[in-house]
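Report on the structure given below.
The values are calculated or read from the model by the stated rules, or taken from the named source; none is laboratory data. Since the model is a prediction, treat every value here as computed from it, not as a measurement. Positions of Cβ are generated from backbone atoms using ideal geometry, with glycine treated the same way; all protein chains shown enter the neighbour counts. Surface accessibility is based on the protein's heavy atoms, side chains included, excluding ligands, DNA and RNA. Shrake-Rupley method; radii C 1.70, N 1.55, O 1.52, S 1.80 Å.
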Amino acid sequence: MADPAHIASSDIELSVVLIDIGVLSMMGVTAIAIARLRSLFALVMLSGVYSLLSATWFVIVDAVDVGFTEAAVGAGISTALLLGAMLLTVRTAKEDKPWKRLAPGLVCVVTGAVLLYATIDLPGFGDPDSPANAYLAQEYLQRNYPDIGIPNVVTSILASYRGFDTFGETGVVFIAGVAVALLLGFGERSLSATLMNKKRGKK
Amino acid sequence: MNPDHHVILRVTGKFLIPIIVLFALYVQFHGELSPGGGFQAGVIIAVGVILYALIFGVVDAMKRIPPIFSRSLAAAGFFIYGSVGVWSLINGGNFLDYDFLVAEGPEGHWGQHIGIIIIEIGVLFAVAGSMLTIFYSFAGRAPEIDDEDW
(Lines give C-alpha, C1' and ligand atoms only; values in the text may rest on other atoms or scores of the structure.)
Protein backbone atom coordinates (compact mmCIF):
# COMPACT_ATOMS: atom_id res chain seq x y z
CA MET A 1 0.00 0.00 0.00
CA ALA A 2 1.36 3.38 -0.95
CA ASP A 3 1.78 6.04 1.69
CA PRO A 4 -0.97 8.62 0.95
CA ALA A 5 0.91 11.50 2.58
CA HIS A 6 3.92 10.82 0.38
CA ILE A 7 1.82 10.84 -2.79
CA ALA A 8 0.12 14.08 -1.78
CA SER A 9 3.41 15.86 -1.12
CA SER A 10 4.94 14.76 -4.42
CA ASP A 11 1.80 15.92 -6.25
CA ILE A 12 2.06 19.33 -4.61
CA GLU A 13 5.72 19.57 -5.52
CA LEU A 14 4.99 18.75 -9.16
CA SER A 15 2.26 21.38 -9.39
CA VAL A 16 4.49 23.97 -7.70
CA VAL A 17 7.26 23.19 -10.18
CA LEU A 18 4.82 23.59 -13.08
CA ILE A 19 3.59 26.94 -11.73
CA ASP A 20 7.22 27.99 -11.20
CA ILE A 21 8.07 27.19 -14.79
CA GLY A 22 4.96 28.98 -16.04
CA VAL A 23 5.53 32.19 -14.05
CA LEU A 24 9.28 32.32 -14.72
CA SER A 25 8.84 31.77 -18.47
CA MET A 26 6.21 34.53 -18.56
CA MET A 27 8.74 36.77 -16.78
CA GLY A 28 11.35 35.85 -19.39
CA VAL A 29 8.98 36.64 -22.26
CA THR A 30 8.09 39.98 -20.64
CA ALA A 31 11.77 40.85 -20.20
CA ILE A 32 12.53 40.07 -23.85
CA ALA A 33 9.54 42.18 -24.92
CA ILE A 34 10.79 45.05 -22.72
CA ALA A 35 14.23 44.80 -24.32
CA ARG A 36 12.81 44.88 -27.87
CA LEU A 37 10.03 47.48 -27.61
CA ARG A 38 10.55 51.19 -28.33
CA SER A 39 7.20 52.67 -27.25
CA LEU A 40 7.65 54.07 -23.75
CA PHE A 41 3.98 53.60 -22.77
CA ALA A 42 4.15 49.91 -23.59
CA LEU A 43 7.48 49.68 -21.73
CA VAL A 44 6.04 51.19 -18.54
CA MET A 45 3.03 48.88 -18.66
CA LEU A 46 5.21 45.83 -19.31
CA SER A 47 7.49 46.69 -16.42
CA GLY A 48 4.37 46.76 -14.24
CA VAL A 49 3.44 43.33 -15.60
CA TYR A 50 6.96 42.12 -14.83
CA SER A 51 6.67 43.37 -11.23
CA LEU A 52 3.30 41.67 -10.81
CA LEU A 53 4.72 38.38 -12.12
CA SER A 54 7.72 38.58 -9.81
CA ALA A 55 5.36 39.34 -6.90
CA THR A 56 3.44 36.17 -7.81
CA TRP A 57 6.68 34.26 -7.85
CA PHE A 58 7.67 35.64 -4.41
CA VAL A 59 4.35 34.35 -3.07
CA ILE A 60 5.04 30.92 -4.58
CA VAL A 61 8.39 30.72 -2.76
CA ASP A 62 6.63 31.74 0.53
CA ALA A 63 8.10 35.25 0.76
CA VAL A 64 4.65 36.79 1.24
CA ASP A 65 5.84 40.10 2.67
CA VAL A 66 8.32 40.65 -0.15
CA GLY A 67 5.68 39.70 -2.71
CA PHE A 68 3.18 42.12 -1.18
CA THR A 69 5.70 44.95 -1.20
CA GLU A 70 6.70 44.18 -4.78
CA ALA A 71 3.05 44.20 -5.88
CA ALA A 72 2.32 47.50 -4.11
CA VAL A 73 5.56 49.31 -4.97
CA GLY A 74 6.74 47.72 -8.22
CA ALA A 75 3.44 47.11 -9.95
CA GLY A 76 1.48 49.93 -8.32
CA ILE A 77 3.27 53.13 -7.48
CA SER A 78 6.36 52.93 -9.68
CA THR A 79 4.22 52.22 -12.76
CA ALA A 80 2.07 55.25 -11.95
CA LEU A 81 5.13 57.44 -11.24
CA LEU A 82 6.88 56.30 -14.42
CA LEU A 83 3.71 57.13 -16.37
CA GLY A 84 3.80 60.62 -14.86
CA ALA A 85 7.52 61.01 -15.59
CA MET A 86 7.12 59.73 -19.13
CA LEU A 87 4.54 62.38 -19.96
CA LEU A 88 7.36 64.93 -19.60
CA THR A 89 9.41 63.42 -22.42
CA VAL A 90 8.96 61.97 -25.91
CA ARG A 91 6.82 58.87 -26.40
CA THR A 92 9.27 56.56 -28.16
CA ALA A 93 12.87 55.67 -27.42
CA LYS A 94 15.48 56.34 -30.10
CA GLU A 95 16.26 53.45 -32.41
CA ASP A 96 19.90 52.49 -31.84
CA LYS A 97 22.33 50.72 -34.15
CA PRO A 98 22.29 46.90 -33.86
CA TRP A 99 26.05 46.67 -33.29
CA LYS A 100 25.72 49.03 -30.34
CA ARG A 101 23.63 46.41 -28.56
CA LEU A 102 26.46 43.89 -28.81
CA ALA A 103 28.50 45.00 -25.78
CA PRO A 104 25.54 45.28 -23.32
CA GLY A 105 24.25 41.92 -24.59
CA LEU A 106 27.64 40.35 -23.95
CA VAL A 107 27.75 41.80 -20.42
CA CYS A 108 24.25 40.41 -19.73
CA VAL A 109 25.11 36.93 -21.02
CA VAL A 110 28.37 36.75 -19.04
CA THR A 111 26.73 38.05 -15.82
CA GLY A 112 23.85 35.59 -16.25
CA ALA A 113 26.26 32.71 -16.77
CA VAL A 114 28.23 33.68 -13.63
CA LEU A 115 25.02 33.90 -11.60
CA LEU A 116 23.83 30.52 -12.89
CA TYR A 117 27.23 29.07 -11.96
CA ALA A 118 26.86 30.57 -8.47
CA THR A 119 23.49 28.87 -7.92
CA ILE A 120 25.26 25.51 -7.81
CA ASP A 121 26.65 26.41 -4.38
CA LEU A 122 23.35 27.72 -2.97
CA PRO A 123 21.62 25.64 -0.28
CA GLY A 124 18.40 23.86 -1.26
CA PHE A 125 15.07 25.74 -1.17
CA GLY A 126 13.74 25.87 2.41
CA ASP A 127 16.77 24.00 3.78
CA PRO A 128 16.54 24.37 7.59
CA ASP A 129 20.33 23.96 7.94
CA SER A 130 21.22 26.73 5.48
CA PRO A 131 23.10 29.66 7.05
CA ALA A 132 20.20 32.04 6.43
CA ASN A 133 17.76 29.82 8.34
CA ALA A 134 19.98 28.32 11.01
CA TYR A 135 21.34 31.02 13.30
CA LEU A 136 19.74 34.46 13.57
CA ALA A 137 16.39 33.49 12.04
CA GLN A 138 15.91 30.74 14.61
CA GLU A 139 16.82 33.14 17.39
CA TYR A 140 14.25 35.69 16.19
CA LEU A 141 11.54 33.03 15.83
CA GLN A 142 12.15 31.80 19.37
CA ARG A 143 12.52 35.16 21.09
CA ASN A 144 9.87 37.11 19.18
CA TYR A 145 6.75 36.19 21.11
CA PRO A 146 8.18 36.51 24.65
CA ASP A 147 9.95 39.76 23.69
CA ILE A 148 7.38 41.61 21.61
CA GLY A 149 4.11 39.72 21.98
CA ILE A 150 2.89 39.98 18.38
CA PRO A 151 2.65 36.97 16.07
CA ASN A 152 4.02 38.45 12.81
CA VAL A 153 7.81 38.11 13.11
CA VAL A 154 8.45 40.25 10.04
CA THR A 155 6.61 43.21 11.57
CA SER A 156 8.30 42.81 14.93
CA ILE A 157 11.76 42.67 13.33
CA LEU A 158 11.10 45.66 11.08
CA ALA A 159 9.31 47.83 13.60
CA SER A 160 10.91 46.89 16.90
CA TYR A 161 14.21 45.00 16.70
CA ARG A 162 15.32 47.14 13.78
CA GLY A 163 13.20 50.20 14.49
CA PHE A 164 16.20 52.46 13.98
CA ASP A 165 16.69 50.98 10.49
CA THR A 166 13.06 51.57 9.60
CA PHE A 167 13.36 55.13 10.92
CA GLY A 168 16.18 55.65 8.42
CA GLU A 169 14.12 54.11 5.62
CA THR A 170 11.18 56.38 6.36
CA GLY A 171 13.63 59.28 6.27
CA VAL A 172 14.92 58.11 2.89
CA VAL A 173 11.38 58.03 1.45
CA PHE A 174 10.68 61.49 2.89
CA ILE A 175 13.96 62.87 1.51
CA ALA A 176 13.20 61.35 -1.90
CA GLY A 177 9.87 63.18 -1.95
CA VAL A 178 11.52 66.45 -0.89
CA ALA A 179 14.30 66.02 -3.47
CA VAL A 180 11.88 65.46 -6.38
CA ALA A 181 9.79 68.41 -5.24
CA LEU A 182 12.91 70.61 -5.03
CA LEU A 183 13.95 69.62 -8.55
CA LEU A 184 10.56 69.79 -10.28
CA GLY A 185 8.54 72.11 -8.03
CA PHE A 186 5.66 71.10 -5.82
CA GLY A 187 3.24 70.93 -8.74
CA GLU A 188 0.58 73.57 -8.14
CA ARG A 189 2.45 76.47 -9.69
CA SER A 190 3.68 74.58 -12.76
CA LEU A 191 0.16 73.15 -13.16
CA SER A 192 -1.47 76.57 -13.18
CA ALA A 193 1.23 77.84 -15.60
CA THR A 194 0.55 74.93 -17.95
CA LEU A 195 -3.18 75.53 -17.79
CA MET A 196 -2.68 79.24 -18.50
CA ASN A 197 -0.53 78.40 -21.54
CA LYS A 198 -3.20 76.01 -22.80
CA LYS A 199 -5.90 78.66 -22.49
CA ARG A 200 -3.73 81.20 -24.32
CA GLY A 201 -2.97 78.65 -27.04
CA LYS A 202 -6.66 77.96 -27.58
CA LYS A 203 -7.45 81.67 -27.98
CA MET B 1 -15.11 65.04 -28.55
CA ASN B 2 -17.67 63.74 -26.11
CA PRO B 3 -16.31 64.85 -22.72
CA ASP B 4 -17.66 61.78 -20.97
CA HIS B 5 -16.16 59.09 -23.17
CA HIS B 6 -14.37 57.58 -20.15
CA VAL B 7 -17.65 56.82 -18.42
CA ILE B 8 -16.87 53.15 -17.72
CA LEU B 9 -13.50 54.12 -16.27
CA ARG B 10 -15.13 56.76 -14.07
CA VAL B 11 -17.86 54.47 -12.76
CA THR B 12 -15.52 51.59 -11.94
CA GLY B 13 -13.02 54.05 -10.48
CA LYS B 14 -15.64 55.52 -8.16
CA PHE B 15 -16.48 51.99 -7.07
CA LEU B 16 -12.87 50.80 -6.67
CA ILE B 17 -11.10 53.74 -5.02
CA PRO B 18 -12.94 53.47 -1.65
CA ILE B 19 -12.21 49.74 -1.59
CA ILE B 20 -8.52 50.39 -2.32
CA VAL B 21 -8.27 52.86 0.57
CA LEU B 22 -10.20 50.53 2.87
CA PHE B 23 -7.83 47.71 1.96
CA ALA B 24 -4.90 49.99 2.77
CA LEU B 25 -6.35 50.61 6.24
CA TYR B 26 -6.77 46.84 6.70
CA VAL B 27 -3.14 46.29 5.68
CA GLN B 28 -2.09 49.03 8.09
CA PHE B 29 -3.92 47.89 11.20
CA HIS B 30 -3.66 44.15 10.56
CA GLY B 31 0.10 44.37 10.05
CA GLU B 32 0.82 42.79 13.43
CA LEU B 33 -0.93 39.60 12.36
CA SER B 34 -0.53 39.36 8.60
CA PRO B 35 1.85 40.55 5.90
CA GLY B 36 1.91 44.29 5.43
CA GLY B 37 2.38 47.39 7.48
CA GLY B 38 2.76 51.12 7.17
CA PHE B 39 4.93 51.11 4.07
CA GLN B 40 2.62 48.99 1.93
CA ALA B 41 -0.48 50.72 3.28
CA GLY B 42 0.96 54.16 2.50
CA VAL B 43 1.81 53.11 -1.04
CA ILE B 44 -1.68 51.67 -1.55
CA ILE B 45 -3.37 54.86 -0.31
CA ALA B 46 -1.13 56.93 -2.62
CA VAL B 47 -2.06 54.64 -5.52
CA GLY B 48 -5.75 55.17 -4.74
CA VAL B 49 -5.32 58.95 -4.97
CA ILE B 50 -3.14 58.66 -8.09
CA LEU B 51 -5.85 56.51 -9.71
CA TYR B 52 -8.34 59.25 -8.89
CA ALA B 53 -5.99 61.80 -10.47
CA LEU B 54 -5.54 59.69 -13.61
CA ILE B 55 -9.29 59.19 -14.07
CA PHE B 56 -10.70 62.56 -12.97
CA GLY B 57 -7.73 64.78 -13.79
CA VAL B 58 -4.89 66.17 -11.68
CA VAL B 59 -6.64 69.52 -11.20
CA ASP B 60 -9.59 67.82 -9.54
CA ALA B 61 -7.32 65.62 -7.42
CA MET B 62 -5.34 68.66 -6.25
CA LYS B 63 -8.62 70.30 -5.18
CA ARG B 64 -9.58 67.25 -3.08
CA ILE B 65 -6.12 66.54 -1.63
CA PRO B 66 -4.03 69.72 -1.93
CA PRO B 67 -0.26 69.32 -2.50
CA ILE B 68 0.37 71.29 0.69
CA PHE B 69 -1.55 68.62 2.61
CA SER B 70 0.43 65.79 1.03
CA ARG B 71 3.81 67.33 1.85
CA SER B 72 2.72 68.28 5.36
CA LEU B 73 1.53 64.67 5.79
CA ALA B 74 4.99 63.39 4.81
CA ALA B 75 6.73 65.68 7.28
CA ALA B 76 4.21 64.88 10.03
CA GLY B 77 4.74 61.13 9.54
CA PHE B 78 8.49 61.40 9.86
CA PHE B 79 8.02 63.62 12.91
CA ILE B 80 5.61 61.13 14.56
CA TYR B 81 8.14 58.32 14.10
CA GLY B 82 10.95 60.39 15.53
CA SER B 83 8.90 61.64 18.47
CA VAL B 84 8.24 58.03 19.58
CA GLY B 85 12.00 57.67 19.88
CA VAL B 86 12.31 60.90 21.83
CA TRP B 87 9.44 59.83 24.09
CA SER B 88 11.27 56.63 25.04
CA LEU B 89 14.43 58.68 25.56
CA ILE B 90 12.55 60.95 27.98
CA ASN B 91 11.24 57.89 29.86
CA GLY B 92 14.80 56.71 30.44
CA GLY B 93 15.29 54.14 27.69
CA ASN B 94 17.26 54.09 24.46
CA PHE B 95 16.05 55.83 21.30
CA LEU B 96 13.04 53.84 19.96
CA ASP B 97 13.14 51.36 22.88
CA TYR B 98 9.37 50.75 23.08
CA ASP B 99 9.58 48.92 26.42
CA PHE B 100 9.98 52.32 28.07
CA LEU B 101 6.95 53.96 26.45
CA VAL B 102 4.57 52.98 29.26
CA ALA B 103 5.35 52.04 32.85
CA GLU B 104 4.82 48.28 33.18
CA GLY B 105 6.53 45.15 34.42
CA PRO B 106 9.14 43.26 32.42
CA GLU B 107 6.48 40.78 31.19
CA GLY B 108 4.17 43.49 29.78
CA HIS B 109 3.92 44.08 26.04
CA TRP B 110 1.82 47.25 25.95
CA GLY B 111 4.84 49.42 25.28
CA GLN B 112 5.80 47.30 22.27
CA HIS B 113 2.20 47.27 20.95
CA ILE B 114 1.73 51.02 21.31
CA GLY B 115 5.17 51.80 19.91
CA ILE B 116 4.72 49.63 16.84
CA ILE B 117 1.23 50.99 16.12
CA ILE B 118 2.37 54.61 16.40
CA ILE B 119 5.49 54.21 14.31
CA GLU B 120 3.50 52.33 11.66
CA ILE B 121 1.11 55.28 11.49
CA GLY B 122 4.15 57.53 11.11
CA VAL B 123 5.45 55.35 8.27
CA LEU B 124 1.98 55.40 6.64
CA PHE B 125 1.82 59.20 6.70
CA ALA B 126 5.41 59.66 5.53
CA VAL B 127 5.16 57.19 2.65
CA ALA B 128 1.69 58.23 1.44
CA GLY B 129 2.61 61.92 1.63
CA SER B 130 5.98 61.52 -0.08
CA MET B 131 4.60 59.38 -2.90
CA LEU B 132 1.78 61.87 -3.53
CA THR B 133 4.27 64.76 -3.46
CA ILE B 134 6.42 63.01 -6.07
CA PHE B 135 3.36 62.27 -8.21
CA TYR B 136 2.13 65.86 -7.99
CA SER B 137 5.58 67.13 -8.95
CA PHE B 138 5.54 65.06 -12.12
CA ALA B 139 1.86 65.45 -12.92
CA GLY B 140 1.84 69.21 -12.35
CA ARG B 141 3.98 69.60 -15.45
CA ALA B 142 1.84 67.46 -17.78
CA PRO B 143 -1.63 67.42 -16.25
CA GLU B 144 -3.55 65.38 -18.84
CA ILE B 145 -2.90 62.12 -20.62
CA ASP B 146 -4.09 62.68 -24.19
CA ASP B 147 -6.00 59.90 -25.87
CA GLU B 148 -3.39 59.68 -28.64
CA ASP B 149 -0.72 58.86 -26.04
CA TRP B 150 -2.15 55.46 -25.28
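Listed values, structure above:
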read-out	value
Global form of the stretch A:74-121, assessed from the alpha-carbon gyration tensor, a/c cut-off 1.5	oblate
Fraction of the pair-distance distribution of chain B above 28 Å, Cα-Cα pairs, percent	34 percent
Environment charge of B:S34, counting only residues whose C-beta is closer than 15 Å and scoring Lys/Arg +1, Asp/Glu -1	-4
A:R36-A:V110 FRET efficiency (beta carbon distance; Förster radius 22 Å; 0.05 resolution)	0.60
Amide N of the stretch A:31-47 lying under 15 Å from the label point, which is placed 7 angstrom from the Cα of A:D96 along Cα→Cβ	A:34-39
Cα gyration tensor category, rounded, prolate or oblate, for the stretch A:94-203 with a/c compared to 1.5	oblate
Cα convex hull of the protein assembly as shown - mean projected area over all directions, nm²	25.2 nm²
Value of relative contact order over chain B, rounded to a whole percent, pairs C-alpha under 8 Å and six or more apart	28 percent
Exposure ranking of A:M26, A:M45, B:M131 by accessible area [1.4 Å probe, largest first]	A:M26, A:M45, B:M131
Residue order for A:V29, A:V173, A:V66 - accessible surface, 1.4 angstrom probe, largest first	A:V29, A:V66, A:V173
Most mobile listed residue (B:G93, B:G108, B:G38) in chain B, GNM with C-alpha springs under 10 Å	B:G108
Accessible area expressed per residue, the stretch A:1-122, with surrounding protein chains retained (probe 1.4 Å, Å²)	67 Å²
Chymotrypsin sites (Phe, Trp or Tyr not before Pro), loop per DSSP, at most 14 other Cβ atoms within 10 Å - longest free stretch of chain A	A:1-124
Whole-number accessible area per residue in Å² for chain B, which is evaluated in the context of all protein chains at 1.4 Å	49 Å²
Net charge contributed by nearby residues that have their C-beta within less than 15 Å of A:A181 (K/R +1, D/E -1)	+2
Two-site FRET efficiency, A:R162 against B:W110, from Cβ-Cβ distance with R₀ of 30 Å, rounded to 0.05	0.90
Sparse-neighbour loop sites [chymotrypsin sites (Phe, Trp or Tyr not before Pro); the stretch B:73-127; at most 15 other C-beta within 10 Å; DSSP]	B:F95
Degrees, to the nearest 10: A:40-60 long Cα axis against longest axis of chain A	20 degrees
Positions from the stretch B:39-63 whose accessible area shrinks by 10 Å² or more when the full protein complex is built, not the chain alone, probe 1.4 Å	B:F39, B:Q40, B:V43, B:I44, B:V47, B:I50, B:L54, B:V59, B:M62
Net charge of Cβ neighbours under 12 Å - reference B:L96; Lys, Arg +1; Asp, Glu -1	-2
Where B:E32, B:E104, A:E169 fall by accessible area, highest first, once all protein chains stay in place (1.4 Å)	A:E169, B:E104, B:E32
Solvent-accessible area buried by B and A, counting both chains, probe 1.4 angstrom, square angstrom	4700 Å²
Positive-end extreme of charge dipole, the protein assembly as shown - chosen from A:A55, B:S34, B:F135 (charges on Cβ)	B:F135
The stretch A:1-122 pair-distance distribution - Cα-Cα, 5 Å bins, rounded %	2, 9, 12, 15, 18, 16, 11, 7, 4, 2, 2, 1, 0, 0
